[in-house]
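Everything below concerns the one structure shown next.
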Amino acid sequence: MRHQENTRAGRTPAPAPLATLAALATLALALAGCASKGPQGYGAPSAQQETAAQAQQQLQNAQQATQVDNAQTYLDLITQMQQAGQWYASLAHTEAFEQQYGVNPESRLMRADALRNTGQVEQARQAYLALLQGATTARARRGLGLLYASQGQYGQAVEQLDKARQLNPIDANVLSDLAYAHMLDGRLAAAQMPIMQASQLAPANARVQLNMALFWLASGNQAQASQLLRQLAQPQAKGALPMIDQTSLQTLQAQLTSVRDAVRLRGDSLPAEVGASAGAAVSSAPVLPSVLPPALPPVPTLGTRPEARATEALPETLPAGITRRILLSEPPGAAGAAPASPL
């Protein structure tokens, strides 16, 4: 009766209980959510689905970041073998790698390099020829150049190395190889540009810098050669080893003899800017400057035979920091190898 009387009198009814209001609010939110959803079944994921997908992707990324790439690790180990001159072992491991992981361009290049450095000339040539396309072209050209140079075919070596240079004009190793092949062919003028470029592109590369010193000495520029060799004989940082040692200079002496004889046979004209004394380098006996500390023995003068091999003086092991990646004569002492670069 009282409720009816209040209504009749125009009074406002009492507020609804709080539980009832909460239920209505929840229902309103649910309806709003339904209204905001796109059509189902047409590839439009919900917010929950998107969040779950993002979490799954993040988990996969984390798992991939912590996984070890066994194939790449194996290739890295083969690379270390080849850098250490273990060419026969690396050849066996390239075969094992391809049996386990399949053939890929990197393993094929490693196999070709190993074939070349184990004296399997024709097999190496065929392997390089099969790689003259795509991303492997430049390295295959370089491999062919080194292969031809190891056979004394310097014209073909220069042709292949120059093609490798055109594909990668800032590769200091290719430039140094090209200059060295020119020098072995008795063409000092042709060697000047690539060795200058290599020297400035790779000032910390001892082999490149020694080829630069070889060019200066062969050209008769004793002052430039002495300055460079003294720099290389000094440690570059506190506690570091020098970039060259006595063995490096012995190799340099032998190579100077070979290049000097090649220049004489070809009668090549020397670059005019290397110095007025250039002509003396062809007719006089090569003499290396004294650049090493007194504790080391003096540099012996090796024979003047053009065929003298720098590898004759190489020890079984070299000091830490001295690489055994010797241009054109890997491994040291290989039959039919061309004279080694000075490191």
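For the pair Asn168 and Arg266, the difference between a 0.36 nm per residue extended length and the Cα-Cα distance amounts to 32.3 nm. Distance between the C-alpha centres of the range 94-168 and the range 232-251: 31 Å, rounded to the whole angstrom. In this simple spin-label approximation, Ala92 and Gln133 carry label points 7 Å from Cα along the Cα→Cβ vector, and these lie 3.4 nm apart. Start at zero, step by 10 Å, and the Cα-Cα distances of the range 62-178 spread as 14, 41, 32, 10, 2, 0 percent across the bins.
What is the ratio of the Cα radius of gyration of the range 153-255 to 2.2 N^0.38 Å, with N the residue count, to two decimals?
1.07
For the range 179-231, the equivalent ellipsoid derived from the alpha-carbon gyration tensor has semi-axes of 16, 13, 8 Å in decreasing order. Distances between every pair of Cα atoms in the range 140-213, grouped in 10 Å steps from 0 to the bin holding the largest one, split as 25, 55, 20 percent. Taking every protein chain into account, the 1.4 Å probe leaves Asp69 with about 90 Å² of accessible area, to the nearest ten. Restricted to Cα atoms, the range 110-165 shows a radius of gyration and a Dmax of 10.0, 28 angstrom.
With every protein chain kept in place and ligands, DNA and RNA left out, what is the accessible area per residue of the range 96-213? Probe 1.4 Å, answer in Å².
Details: 4760 Å² over 118 residues.
Ligands and nucleic acids excluded, the result is 40 Å² per residue.
Ordering Thr51, Thr79, Thr257 by accessible surface, largest first, gives Thr51, Thr79, Thr257; the 1.4 Å probe counts only protein heavy atoms, with every chain in place.
Ligands, DNA and RNA aside, Glu159 has an accessible area near 90 Å² when probed at 1.4 Å. Rounded to the nearest 10 Å², what accessible area does Ser248 show when all protein chains are kept and the probe is 1.4 Å? Accessible surface of Ser248 is approximately 0 Å².
Expressed as a fraction of 2.2 N^0.38 Å, the value expected for a compact globular protein of N residues, the C-alpha radius of gyration of the range 209-249 is 1.19.
The values are calculated or read from the model by the stated rules, or taken from the named source; none is laboratory data. Because the structure is a prediction, the values reported are computed rather than measured. Note that each Cβ is placed from the backbone with ideal geometry, even for glycine, and that neighbours are counted across all protein chains shown. All accessible areas refer to the heavy atoms of the entire protein, side chains included, with ligands and DNA or RNA removed. Shrake-Rupley method; radii C 1.70, N 1.55, O 1.52, S 1.80 Å.
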